[in-house]
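Report on the structure given below.
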Number of protein chains: 2
Amino acid sequence: MSRFAPRPEPPYYAVIFTSQRTEGDQGYAAMAQHMAELAANQPGYLGIESTRDESGLGITVSYWRSTADIVAWRKQAEHAAGRAQGRAHWYAHYELRIAKVERAYGWDRADGTQPGDGGS
Amino acid sequence: MSRFAPRPEPPYYAVIFTSQRTEGDQGYAAMAQHMAELAANQPGYLGIESTRDESGLGITVSYWRSTADIVAWRKQAEHAAGRAQGRAHWYAHYELRIAKVERAYGWDRADGTQPGDGGS
């Protein structure tokens, strides 16, 4: 399964979650997997991209059709409980940003450069 | 130095760059460091967050005051050359999204929950 989110037509919304993990798993991996599965079943979910390096610095970006969909996900009971566990055990620090995606491009080695490709 | 970007008052802009590295370094690490230094000296640069896992899946989010600042960075000559090298050598696939940050929160274990904290 691709670790890249689909590329719907903008506008849509991104939740950018940058976090530093505490030491040890403490049940994190299982809960993170469960939260990703819950999110994927929420209305308005468009996709997710997530990675974390060996130092525990991770960035997860989830994509949503609307801010109302993000609010509904925030209010989802298991998700709220998971966030509380995150603050209690799993995270040393995090930053959360909600952003409206206005433009999106992609490139694949097999396809070559896409129109409007801007790189970063 | 913190790997978290500062938390300016929204609105501001995020460039979300998700990429899969090819095998081997091929000069990537040195160029990535140089590009980060160049970006930090561009007008309107607000900060950057970047991480990559052992499989080579990376997410870099750079933050900018305005879309005009992002366009200027895109046009910066060394950056344009670096992107071309990225497509030639370093990346198997990438997705690039430009998004307007509308809301931002942060949390730190030492400080406890911030007002409006929304988790992920």
Expected single match for assigned to a loop (DSSP other than H, G, I, E, B), farther than 22 Å from residue A:54 by Cα and either open to solvent by 50 Å² or more (accessible area, probe 1.4 Å) or more than 8 Å from chain A (Cβ to nearest Cβ) (or both) among B:42, B:85 is B:42
Here the residues within region B:88-105 that are open to solvent by 40 Å² or more (accessible area, probe 1.4 Å) and part of a strand (DSSP E or B) are B:100, B:102, B:103
Log entry, pairs with first residue in region A:55-80 being more than 10 Å from chain B (Cβ to nearest Cβ), second being of a type outside the set (S, T, N, Q) and open to solvent by 60 Å² or more (accessible area, probe 1.4 Å), beta carbons closer than 6 Å, six or more apart or on different chains, reads A:69/A:43
request  = Consider residue B:50 carefully, then state whether it is more than 7 Å from chain A (Cβ to nearest Cβ), over 30 Å from residue A:88 (Cα atoms), modelled with pLDDT of 95 or more and assigned to a strand (DSSP E or B).
outcome  = no
Picked from region B:65-82 (must be charged (D, E, K, R), touching a Gly at 6+ places or on another chain (Cβ under 8 Å) and part of a helix (DSSP H, G or I)), the residue surrounded by the fewest Cβ atoms within 10 Å (Cβ to Cβ) is B:74
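The values are calculated or read from the model by the stated rules, or taken from the named source; none is laboratory data. All values derive from a computational prediction rather than experimental measurement. In this analysis, Cβ positions are derived from the backbone assuming ideal geometry, glycine residues included, and neighbour counts consider all displayed protein chains. Only protein heavy atoms, including side chains, enter the accessible area calculation; ligands, DNA and RNA are left aside. Shrake-Rupley method; radii C 1.70, N 1.55, O 1.52, S 1.80 Å.
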